[in-house]
Amino acid sequence: MKNHPPLPKSFIWVLFSIFSVLWFYFLGTRTLVPTDEGRYAEMAREMLASGDWITTRLNGIKYFEKPPLQTWMNALTFHFFGLGEWQARFWTGLCGFMGILLSAYAGKKVFNPRVGFYAGLVLASSFWWLALGHINTLDMGLSGMMTITLCGLLIAQRADASKNEQRNWMLVCWAGMALAVLSKGLIGMVLPGAVLVLYTLLARDWNIWRRLHLVKGLLLFFLITTPWFVLVSLKNPEFPHFFFVHEHFQRFLTKVHHREGPWYYFIPLLLGGIVPWLAVLFPSLIQGWRREQANSNSTHSPFKAKYLLIIWAGFIFFFFSYSSSKLPSYILPIFPALALLIAAYLENASRKTWAMTSVLVMLMGIVGLALTNQIGNLAKDPMETALYQAFQPWVMAACIVALIGAGLTLYITFNKRTQNCSPDWAVIVLAVTGFITGQLLMTGSESHGHYRSGLPLVPAIQAELQPETKIYAVGLYDQTMPFYLRRTMILVEHMDELEFGLKQQPELWLPNREMFIQQWMQGPKAIAITRPAIFADLQKRHLPMRVLAQDTRRIVITNDLKK
């Protein structure tokens, strides 16, 4: 493709400003959805309320499944800005936003300014990155820190890096790896380390180990990670075995968490998550590998950036595909690497490439429109049917935007009047299309998310609550409602994921229904949230209760029979 002059900087800054406002605005447009969003918001709320920044708790119970970085950041956000949806998602959104900026900067420094510009656009519009950047989950926090690691390494090891740049960016890399460990555990160190070993073997870049600043880097790494692990272990002697053995080795090697999936589990998530850039995903990988092979003997630089990016994406994808524990968000750290590879490919993309990319997006829009009226069939009960039907207009709008964006991209690429335009415009149009489409789908899910959160039940509960009122969760633990109620609950016959903490603190729950009934009958005013089947059993036992609120999943009752 012809060389084209860069876009005016004023236009780029306007585009960036609009994107920044929209990115952070959408953090607060939806209700927090269980389980992750409620869990991590509630953990931060409890940390702030208790003042204990060492021992992480959920529902007042020790909870050591993950390190505390995100809980710390959420608690600080709540401290400065109060409790709310956008505050609960702010750290996640910031990590996603930072990942976009870092990928753009790394693309500029390692390749050229145009690749950097494209990398930011590709990542910001890739559905999985923008979606999980607006959900309060640990995997975006981990991915943000791993993006620091990846980009720090790329910038430090490039051919024209000065000694000071190499040292400083390698320290950034080490700091990112340490923060990744504090985000989600040893995975933040194991994955980059394995990628580096594989890169060394495949690229035969043995000297890279001399350029890692190992001594300074390890000192910085342990300076960041060690204090919390030492303090939490001193306060909680049970922590080391549970965290390092159960939550790492057993999670990866066994099915103890019941999150197994087939070997192809992540393939559809990857294909859907990279939209609207799916058509260029595999060509960018193939081209990147071939060009590094072709340049391996002639390049003046021993560092092969595209090799590293491909190995980063490939190994992490394989690692989680092999794992016995799988969740959809696990492959998120590969997207910045894919964005950089796609950006490098798009720099010289042919009109045929743009035709394939645009037509594929257009086909997805057409198929989406054709299937929109089937969305209601996904529901399991009449209430959910209405919620899914409320989602239909948003899906339709997203599909229409996809059609318009793809059509405009084709027009820019093939119309005689626009053939001399910079290819930047095609990338911008498709990126804007992907971003708007993703946000429409996310915003449209609010009707279902609002219902799942249990928020409609909260006003009826709050109207009955007094400072001493106990709230029981009988046979369930609805993880979003404690955050909205600003109260913890007493679990009954249902440990959920709090089994380890409850074994350490058995006095914090009721292991069977009979104990609950006894307290219900003898105690002061209380409220319970339970499932319809359990409510029916309590009715058969003639338990005194008054229904405060209910939906198809939950029934809220009180032992105070006075209306």
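The values are calculated or read from the model by the stated rules, or taken from the named source; none is laboratory data. All values reported here derive from a predicted model rather than from experimental measurement. Methodologically, a virtual Cβ is constructed for each residue, glycine included, from the backbone with ideal geometry; neighbour enumeration extends over all protein chains shown. When the accessible area is computed, the model is the full protein with side chains, heavy atoms only, and any ligands, DNA or RNA have been set aside. Shrake-Rupley method; radii C 1.70, N 1.55, O 1.52, S 1.80 Å.
General remarks:
- Residue within region 358-371 that is in contact with a Ser or Thr (Cβ under 7 Å, 6 or more places away or on another chain) and of a type outside the set (A, V, I, L, M) present: yes
- A search for C-beta distances below 8 Å between a residue of region 381-399 that is part of a helix (DSSP H, G or I) and any residue that is at pLDDT 90 or above and of a type in the set (Asp, Glu), counting only pairs 6+ apart in sequence or on different chains, returns 383/551.
- Selection within region 258-296 - among the β-branched types (Val, Ile, Thr) and either outside any helix (DSSP H, G or I) or open to solvent by less than 40 Å² (accessible area, probe 1.4 Å) (or both): 274, 275, 280
- Residue satisfying condition, being closer than 30 Å to residue 64 by Cβ and surrounded by fewer than 18 Cβ atoms within 10 Å (Cβ to Cβ), within set 459, 511: 511
- Considering region 191-213, the residues that are open to solvent by 70 Å² or more (accessible area, probe 1.4 Å) and in a helix (DSSP H, G or I) include one that is farthest from residue 307 (Cα to Cα), namely 210.
- Qualifying residue in region 341-356 (condition: free of Cβ contacts under 8 Å to residues at least 24 places away in the same chain and open to solvent by 10 Å² or more (accessible area, probe 1.4 Å)): yes
- Single residue of region 227-247 satisfying the filter (open to solvent by 70 Å² or more (accessible area, probe 1.4 Å) and in contact (Cβ under 8 Å) with a residue 40 or more places away in the chain) that is nearest to residue 179 (Cα to Cα): 231
- With respect to the conditions (1) open to solvent by 10 Å² or more (accessible area, probe 1.4 Å); (2) of a type in the set (Gly, Ala, Ser); (3) out of contact with any Cys (no Cβ under 8 Å at 6 or more places or on another chain), residue 368 falls short on a single one, namely (3).
The rows are residues; the columns are (1) touching a residue at least 24 places away in the same chain (Cβ under 8 Å); (2) open to solvent by less than 10 Å² (accessible area, probe 1.4 Å).
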{"site": "502", "(1), (2)": "yes, yes"}
{"site": "529", "(1), (2)": "yes, yes"}
{"site": "543", "(1), (2)": "yes, no"}
{"site": "546", "(1), (2)": "no, no"}
{"site": "560", "(1), (2)": "yes, no"}
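- Out of 397, 431, 402, sole residue that is surrounded by fewer than 20 Cβ atoms within 10 Å (Cβ to Cβ) and farther than 30 Å from residue 237 by Cα: 397
- Number of the condition not met by residue 405 [criteria: (1) out of contact with any helix residue (DSSP H, G or I) (no Cβ under 7 Å at 6 or more places or on another chain); (2) within 21 Å of residue 279 (Cα to Cα); (3) assigned to a helix (DSSP H, G or I)]: (1)
- Unmet requirement for residue 83, which otherwise passes all of (1) open to solvent by 30 Å² or more (accessible area, probe 1.4 Å); (2) within 17 Å of the chain's Cα centre (by Cα): (2)
- Residues of region 163-208 that are among the charged types (D, E, K, R) and at negative phi: 163, 165, 167, 184, 205.
- Only one entry in 552, 488 is open to solvent by 50 Å² or more (accessible area, probe 1.4 Å), touching a Pro at 6+ places or on another chain (Cβ under 8 Å), β-branched (Val, Ile, Thr) and more than 14 Å from residue 61 (Cα to Cα), namely 552.
- Selection status of residue 324, farther than 21 Å from residue 158 by Cα, at pLDDT below 90 and touching a helix residue (DSSP H, G or I) at 6+ places or on another chain (Cβ under 9 Å): yes
- The number of residues in region 302-318 being open to solvent by less than 30 Å² (accessible area, probe 1.4 Å) and aromatic (Phe, Trp, Tyr) comes to 3.
- In region 39-68, the residues that are within 15 Å of residue 503 (Cβ to Cβ) and polar (S, T, N, Q) reach residues that are part of a strand (DSSP E or B) and modelled with pLDDT of 95 or more with C-beta atoms within less than 8 angstrom, at least six apart or across chains, in these pairs: 59/491.
- The residue pairs whose first member lies in region 6-23 and is under 21 Å from residue 439 (Cα atoms), whose second member is at pLDDT 95 or above and small (Gly, Ala, Ser), and whose beta carbons are closer than 7 Å, counting only pairs six or more residues apart or on different chains, are 19/124; 23/93.
Yes/no per residue for (1) within 21 Å of residue 485 (Cβ to Cβ); (2) part of a helix (DSSP H, G or I); (3) open to solvent by 30 Å² or more (accessible area, probe 1.4 Å):
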{"residue": "16", "(1), (2), (3)": "no, yes, yes"}
{"residue": "26", "(1), (2), (3)": "no, yes, yes"}
{"residue": "32", "(1), (2), (3)": "yes, no, no"}
{"residue": "48", "(1), (2), (3)": "yes, yes, yes"}
{"residue": "65", "(1), (2), (3)": "no, no, no"}
